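A.B. asks: First the structure, which I've put down as structure tokens, then a few questions once you've had a look.
The values are calculated or read from the model by the stated rules, or taken from the named source; none is laboratory data. Here the structure is a predicted model, which means the values were calculated and not measured. Cβ placement follows ideal geometry from the backbone for every residue including glycine, while neighbour counts extend to all protein chains displayed.
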Amino acid sequence: MDRLTQRRQLLTAAFFATSGLGSVLCINSAASAQSIASLYPSTPATTTVTVTGTVTALLGVTSSGTSGVLTDSTGSILLFEIPTTTYTGNYNDVITVTGTVASFEDTPELESGVSVSVVTPGNGVLAPATVVTIPQFNGAGGNPNDTDSANTNAIPPLAQAYVELQDVTLTSSGATVTSLAADENYTLTDTSGNTTDLFTEDSSKETPLVIAAWEGVSASLLAGPMDISGYVDVFKGEPEMYPLIFAPVPEPATLGLLGLGSLMLLARRRRGDSA
């Protein structure tokens with residue numbers, strides 16, 4: 001199994017195991033010896049660095065170790081296969097990590113010689129995807145013509161982030177899409193005409209659960225505006241949505257009901273707190 005396949009399977013398996021919630025975007029953490037964003041444009045591979053941040057995604061545990069995403073106020077970086085004897089992972093842990101920088105899929109990661117100390121234990125609770133616009137999404141990409149080995153093709157804070165694009169339409173070569181196929185590139189367009197790419201992985205390189213989720217998206221949903229949540233994958237300097245959730249755009253009345261429900265729940269909690 002190649003590393004790209006392994007990484008995506010870890011990520012998507014963890015995503016569905018946690019009921020479709022996750023976040024890898026700009027959460028404040030304790031001060032760090034070096035900011036995550038400072039690793040991006042050109043930290044040479046094999047450089048040893050120390051960073052402090054919040055564990056905002058756990059991408060899976062294998063016999064080789066724990067993989068996850070570490071986020072500070074400047075961006076996110078992948079922690080790849082940390083030995084489980086060193087760290088087993090918990091959402092919202094604030095940790096200090098020392099490790100060696102490597103470059104994979106145009107983004108830096110820490111993958112060897114890793115040591116971890118927990119600054120503040122987390123609560124194990126995930127946050128929802130962060131809503132961004134297509135122009136913001138596209139800002140995660142770098143120079144598509146850059147082919148050197150330095151980490152110059154991805155820009156924080158959105159690189160590797162779990163985000164949601166709202167009220168977008170999906171097309172293929174300008175035509176309406178009636179079903180999703182694996183190993184395809186699609187175009188997402190917002191109401192202002194901004195566009196970005198959506199990519200579905202080859203079925204031989206993806207978990208059956210994810211393939212089934214893609215194939216289960218109805219033609220009626222694909223035909224209209226929708227909200228799509230997924231990860232910002234940067235490939236050769238170009239950001240692309242790696243989708244996990246397709247949902248209809250909520251009607252205004254539905255949004256109002258959701259807001260009312262939230263207020264009622266808050267009032268109930270307050271009453272319970274004062275009891």
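A.B. asks: What are the pairs with Cβ atoms under 6 angstrom where one residue, in segment 199-218, is closer than 17 Å to TYR231 by Cα and in a loop (DSSP other than H, G, I, E, B) and the other, located anywhere, is at pLDDT below 70 and not aliphatic (A, V, I, L, M)? Sequence gap at least six, or different chains.
C.D. replies: THR207/GLN9; THR207/THR12
A.B. asks: So which residues in segment 127-168 are among the β-branched types (Val, Ile, Thr), at pLDDT 90 or above and surrounded by 17 or more Cβ atoms within 10 Å (Cβ to Cβ), if there are any at all?
C.D. replies: The answer is VAL132, ILE134, VAL168.
A.B. asks: Whether any residue in segment 53-72 is at pLDDT 85 or above and surrounded by fewer than 19 Cβ atoms within 10 Å (Cβ to Cβ) is what I want to check.
C.D. replies: Looking through segment 53-72, none of the residues is at pLDDT 85 or above and surrounded by fewer than 19 Cβ atoms within 10 Å (Cβ to Cβ).
A.B. asks: Assigned to a strand (DSSP E or B) and either modelled with pLDDT under 90 or not polar (S, T, N, Q) (or both) - does that describe any residue in segment 247-266?
C.D. replies: Yes, segment 247-266 contains a residue that is assigned to a strand (DSSP E or B) and either modelled with pLDDT under 90 or not polar (S, T, N, Q) (or both).
A.B. asks: Does segment 90-122 hold any residues that are part of a loop (DSSP other than H, G, I, E, B) and either farther than 17 Å from LEU58 by Cβ or among the small types (Gly, Ala, Ser) (or both), and which are they?
C.D. replies: GLU105, ASP106, GLY122
A.B. asks: Does segment 84-100 hold any residues that are under 14 Å from THR48 (Cβ atoms) and surrounded by 20 or more Cβ atoms within 10 Å (Cβ to Cβ), and which are they?
C.D. replies: Passing the criteria: VAL97, GLY99.
A.B. asks: Is it the case, given these coordinates, that GLY113 is more than 21 Å from SER229 (Cα to Cα) and either surrounded by fewer than 21 Cβ atoms within 10 Å (Cβ to Cβ) or modelled with pLDDT under 90 (or both)?
C.D. replies: Criteria met by GLY113.
A.B. asks: Looking at (1) within 17 Å of ALA33 (Cα to Cα); (2) among the aliphatic types (A, V, I, L, M); (3) touching a helix residue (DSSP H, G or I) at 6+ places or on another chain (Cβ under 8 Å), find the lone condition where LEU58 falls short.
C.D. replies: Among (1) within 17 Å of ALA33 (Cα to Cα); (2) among the aliphatic types (A, V, I, L, M); (3) touching a helix residue (DSSP H, G or I) at 6+ places or on another chain (Cβ under 8 Å), the lone unmet condition for LEU58 is (1).
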